[in-house]
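Note sheet for the following structure.
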Amino acid sequence: MFDAALLNIVVYLPLGGIALLLAAPAGQDAFVRRLTLGLMTLQLALVAWLYLRFDPTVAGLQFETRLPWIASWGVHYQIGLDGYNVLLVLMTAFLGPLVVAGAFTAIRKDVKLFYSMVLLIQFAMLGTFVAQDLFLFYVFWETMLIPMFLMIGIWGGERRIYATIKFFLYTAFGSILMLAAVIYLVLSLQSTTGITSFAFADLYRSQLPLDVQCILLAAFGLSFAIKVPMVPLHTWLPDAHVEAPTAGSVILAGVLLKMGTYGFMKLGFPLFPDATLAFTPAIMFLAVVSIVYGACVALVQTDIKKIIAYSSISHLGYVMLGLVSLNLYGIQGAVIQMVSHGLTAAGLFLMVGMIYERCHTRELADYGGLAKLLPVYSVFFAILTLASIGLPTTSGFTGEFLVLLGAFGAAWQQYELGSTLPLALASVAVSGVVLGALYMLWFAQRFLFGAAKAPHQPFGDLDLRERAILGIIVAAVFVLGLFPDEPMRKTELAAKQFQQLVGTSRTGVRAAGEPGRGPAASENGAPRFARAGTGSAP
Amino acid sequence: MTHALLPVLPEAVLLAAACTVLLLDLFLPPSRRHWSFWLTQATLLACAAITVATAELQPLHAFGGLVVDDMLSDFLKLLSCVAVSTMLFYSRGYLAVRGLFRGEVLVLTMLALLGMMVMISAASFLTLYLGLELLALCLYSMVAMHRTSNAASEAAMKYFVLGALASGMLLYGMSMVYGATGSLDIHRIARVIHAGQGNGTVLLFGLVFVVSGIAFKLGAVPYHMWVPDVYHGAPTAVTLLIGTAPKLAAFALTLRLLGVALAGLEFDWQGMLIVLSLLSMVLGNVTAIAQTNIKRMLAYSTIANMGFMLLGFLAANLAGYSAAMFYVVAYVLTSLASFGVVMLLAREGFEADRIEDFRGLNQRSPWWAFIMLLVMFSLAGVPPTLGFYAKFAVIEAAVGAGFIWLAVAAVLASLVGAFYYLRVVKVMYFEDAVDTTPIVARGDNRALLSANGLALLLFGILPQPLMGLCVVALAQSGFL
């Protein structure tokens, strides 16, 4: 009870913060910064407490709150933590203070409004993760758009207006089709089972014919795939990333992109298991294309922010690959990869921001030999680069290794059933690791080594604030790389539930007279598909 | 509940007060004009109070069935009073600096409200038409009130000619329905049609004319031509009036005509409304993109919004009607705030009606920029603003009635809409202010406009009371 209240406090703390900020007198920028940092730190402390209290042996929701919200539509205010979101919530809260501290010197215009937007987006992101009711999820999901739109548009670079409108319309296009699908899904649940509910737990019991599932998955998937982003729906990302202020890029790469993969994991795949099965080769193909294409395009970029932006596309491809493998290793690897990418991409974007504040350019050609000019900066940069590549002992290794293990496990089972395509795709995905090492190392080599040059010299090396931010991120990267066992235990039951939900056909029509309760799929007696990778990992 | 006049008590009070203000104002010097203003406001408050106080769960008929007083009419009358009162608060300063703050405005506004109320509680074609014409005549003259403005005169002329034509069509349609069914009472017509009596061909012809008349009054494509010109040409205060409370009355008109009297021809008018709704949503939203004048943009947005309203309406069941009603209420609230902000920025000799006049509003006044932001996101249907729930409701109603492709078209149209609403946000937040004149307004105007804007957010977080009221009002009025 107390913890459930605490979870609500965590979610609404940023809103209270906004009220405080707005009440603060004008011109008190230093106070505004410190206040926001304090709130974010407090939030992190509360989330850490909840994380420690989270019981990995309990399947399902913990710290749950469920209240009627819009009774006419059967909508509930339902939030809670489970194995799906616990790590992502922790990561979001973890990045919060870093984002705030990272923007201390970069943001000079409309400081109050800026930190209000940071808090608002933090609120919406946490709300999206903890929401357990589809309507509530959608409301939070869309609410994220407004502060991000303003953040890029007000504090962004030269082409910020183009970038932010593109970002908004792209994401709005995806989510608005999802809205139509949500309505259809809920109404069909109502007509087949008689319950009007938006709760995930109820929707997991919906029974839909395969063709309807395919259309609905396409609508949900479009929305999520745009957020991830999966090639070919990725074109908003480089623009948004490049034009966004550092804090915006960090939030975007660190958390917002995970909304897409989280959406697939929590909603897209488990809601429409049969369509997922039908689409698996296509999704796997797009995931592999994202991995390789993102890496190849990153290779030829001349803007340092764009390199990292495209590397995000590549890294998120692994997450998708892990999810569709439907193999315990793959799924858990996907979760770890989400968190890992959140840490490394956030760190790298912060570092780009730090150098940009000093030199006011993002052109790679303007830089060289920073190891001599900025030794501390270069050490941190090298570590994060290696983490991004996935060197063992860093978090990137754990994630990518598990994903590939899962993908090969699934592909091998398919191969034994006579399908070579998954195996071929998994093999291509491995090349992404090599390509990743290639572009990141080449980037680091041109950036850190060679003849020393950088515009706007002289400038100081990292100050205490910047060292602290990066030190915390690097520490987290190592902790996750060396001790992945603890977080994986917290997510294990959720991964198994995901596997079971996606592995159960739900095209059947319920027998007449049966109330809409209880596990649906095992009862309808439909013949099971021969499906690879649904069993526990070998 | 014994007295026969009780159901029309608000109308009676309003009429008496309108006459009083008309006379009183003749003897007031311009410096005492605020007496008339506050008397009008007191009347509106009294009407609202009487409406609430005499509200009954069961429908009550008066004047031999010409008038009905049910929950639906009480709810819509209350909202109309609130909307008109808010409109007067918003426009007082605007009208004063233009020399238009005269007794006629107040009297015409009250008479227009009277027309709306008569329309809302009409149970017969006769009263429906009576109310409609009273409303329309008041609006025509109010559009023309700014005599020295060419645009206003042109707008008034267009509005009058096209409006008269539409009224004629509606009347023609009504006369055919009368011919086919032998009655003007909407319930008796419904019974006759339900019993299968009446000439089907004549009824169908009548229906076509009735639907055309309704579409004109709503401003649905292809009967939308007057909307942009009138919205643009009229003084903003009058645009605000046209764009808000009459939509509630028009909804009542649509409901009484199609939902009650001609309910038996549901399958026929559903098809017509599908076309009207689809065209309005698409054309309204697409054309709005090209506008540089915010009043014209909001006019096209109205067209699109009426399309969305019809989307809910054409589901032709309780869920659909209540969704449409919720949509209209949400739209009126949003529309009030949007024109309220436009008038707030206007000053002597400056209309603030171009989108570029909103440039850098965030620098000039973060608060009004925020209110306008809420309005724009609400119109665009972005949660957690009221507009999202309204769109959700109508789309859900359409999907529930099986119009899935229409619903998909609607969501795509609303995406197109998001683009031009965003442009206003872009101008306010991303561009630097050129005009740095401080924004001055009366305290009551500021307080009310702030409350109005925040209501969009508040009802967005807790939409249940409003939504529930719509459902209850309709259910108690016999729509089950």
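A short reminder: the numbers here are calculations on the coordinates, not readings from a lab. These numbers were taken from a predicted model, which means no experiment stands behind them. Here the Cβ is made from the backbone with ideal geometry for all residues, glycine too, and neighbour counts use every protein chain on show.
Figures for the structure shown
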{"item": "Mean separation of Cα contacts under 8 Å (6+ apart) over length of chain B, as relative contact order %", "result": "15 percent"}
{"item": "Region A:279-505, relative contact order [Cα under 8 Å, separation at least 6], %", "result": "29 percent"}
{"item": "Cα Rg, Dmax, the protein assembly as shown, angstrom units", "result": "30.8, 99"}
{"item": "Net charge of neighbours whose Cβ lies under 15 Å from the Cβ of B:Leu26, counting Lys and Arg as +1 and Asp and Glu as -1", "result": "+1"}
{"item": "Reciprocal of mean inverse Cα separation for chain B (Kirkwood radius, Å)", "result": "22.3 Å"}
{"item": "B:Arg354 paired with B:Ser450, simple spin-label distance in nm, labels 7 Å along Cα-to-beta-carbon", "result": "3.1 nm"}
{"item": "Amide H contacts of A:Gly368 (H built 1.01 Å from N, under 5 Å, at least 5 apart or other chain)", "result": "A:Lys453"}
{"item": "Label point distance in nm, A:Met1-A:Ala451, each placed 7 Å from Cα along Cα→Cβ", "result": "7.3 nm"}
{"item": "Averaged over A:160-170, number of beta-carbon atoms from partner chains that fall within 10 Å", "result": "3"}
{"item": "Over chain A, relative contact order from alpha-carbon pairs under 8 Å, at least 6 apart, %", "result": "16 percent"}
{"item": "Positive minus negative residues near A:Asp55 (Lys, Arg vs Asp, Glu; Cβ under 15 Å)", "result": "-2"}
{"item": "Region B:278-345: chymotrypsin sites (Phe, Trp or Tyr not before Pro) in DSSP coil with no more than 16 other Cβ atoms inside 10 Å", "result": "none"}
{"item": "Computed E for B:Ala475/A:Ala23 - FRET, C-beta separation, R0 41 angstrom, nearest 0.05", "result": "0.40"}
{"item": "Separation between Cα centres of region A:380-450 and region A:35-59, rounded to whole Å", "result": "31 Å"}
{"item": "Label zone at B:Val202, where the point sits 7 Å out along the Cα-to-Cβ direction: region B:144-179 residues whose backbone N lies under 16 Å", "result": "B:172-179"}
{"item": "Cβ-derived FRET efficiency at R0 60 Å, B:Thr292 paired with A:Ala424, nearest 0.05", "result": "0.65"}
{"item": "Neighbourhood net charge (15 Å Cβ-Cβ; Lys/Arg +1, Asp/Glu -1) for B:Ala144", "result": "+1"}
{"item": "Cα-projected label distance for A:Asp211 with B:Arg32, points at 7 Å along beta-carbon direction, nm", "result": "7.7 nm"}
{"item": "Mean projection area, nm², convex hull over Cα of chain A", "result": "23.5 nm²"}
{"item": "Qualifying chymotrypsin sites (Phe, Trp or Tyr not before Pro) in region A:411-499, DSSP loop, other Cβ atoms within 10 Å at most 16", "result": "A:Phe449, A:Phe459"}
{"item": "Bins of 5 Å from zero: percent of alpha-carbon pairs in region A:279-505", "result": "1, 7, 15, 18, 17, 14, 10, 7, 5, 3, 2, 1, 0"}
{"item": "Region B:304-313 - phi-based ³J(HN,Hα) in whole Hz, Karplus 6.51/-1.76/1.60, Gly and Pro as x", "result": "4, 5, 5, x, 5, 4, 5, 4, x, 4"}
{"item": "Sum of -39500 (n - 2.57) over DSSP H runs of 4+, divided by residues of the protein assembly as shown (222 nm, nearest 500)", "result": "-24000 deg cm²/dmol"}
